[in-house]
Amino acid sequence: MGIYATRISIKFDHIDVPCDVQSVTSRFILFKNLYIHRKQFPLLFSYAITIHKCQGLSLDTAIIDLLTDVFGDSMAYVAYIK
């Protein structure tokens, strides 16, 4: 039993073409001549919310995308201080 796929196709809302994520195989040494191989897909579960919805939340970490021109300097300031 196992997963035999070598890639996963993901469809994003803002991209017309699906993105393929290739599987990655890692090798670990247990003992001198004993190895374990692990095959996995490098995906990270995450979610996003708007700047206004995060007001009042206590977040341990946050990633704020300031590269897009969706909002002005004042919105960047609001995102930073929240």
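Bear in mind that the values in this text are calculations on the coordinates, not laboratory data. These numbers come from a predicted model, not from an experiment. No Cβ is skipped: glycine too gets one built from the backbone with ideal geometry, and neighbour counts run over all protein chains shown.
Can you list which of the trypsin sites (Lys or Arg not before Pro) found in the stretch 8-41 are DSSP loop residues with at most 10 other C-beta atoms within 10 Å?
LYS11, LYS32
Please find the FRET efficiency linking ARG7 to LEU30, where r is the Cβ-Cβ separation and R0 is fixed at 30 Å, and quote it to the nearest 0.05.
Details: r = 28 Å, r/R0 = 0.94.
It comes out at approximately 0.60.
To the nearest 0.05, what FRET efficiency results for SER74 and GLN22 with a Förster distance of 30 Å applied to their C-beta separation?
For R0 = 30 Å, the calculated efficiency reads 0.15.
Given an 8 Å cut-off on Cα distances and at least 6 residues of separation, report the relative contact order of the chain as a percent.
18 percent
Report the normalised scattering of the stretch 7-81 as log10 I(q)/I(0) at q = 0.16, 0.26 Å⁻¹, calculated by the Debye formula with identical scatterers on the alpha carbons.
At q = 0.16, 0.26 Å⁻¹ the computed log10 ratios are -0.83, -1.20.
So what is the 222 nm mean residue ellipticity for the chain from helices alone, if each DSSP H run of at least 4 adds -39500 (n - 2.57) and you divide by all residues, rounding to the nearest 500 deg cm²/dmol?
Calculated from helices alone, the mean residue ellipticity at 222 nm is -3000 deg cm²/dmol.
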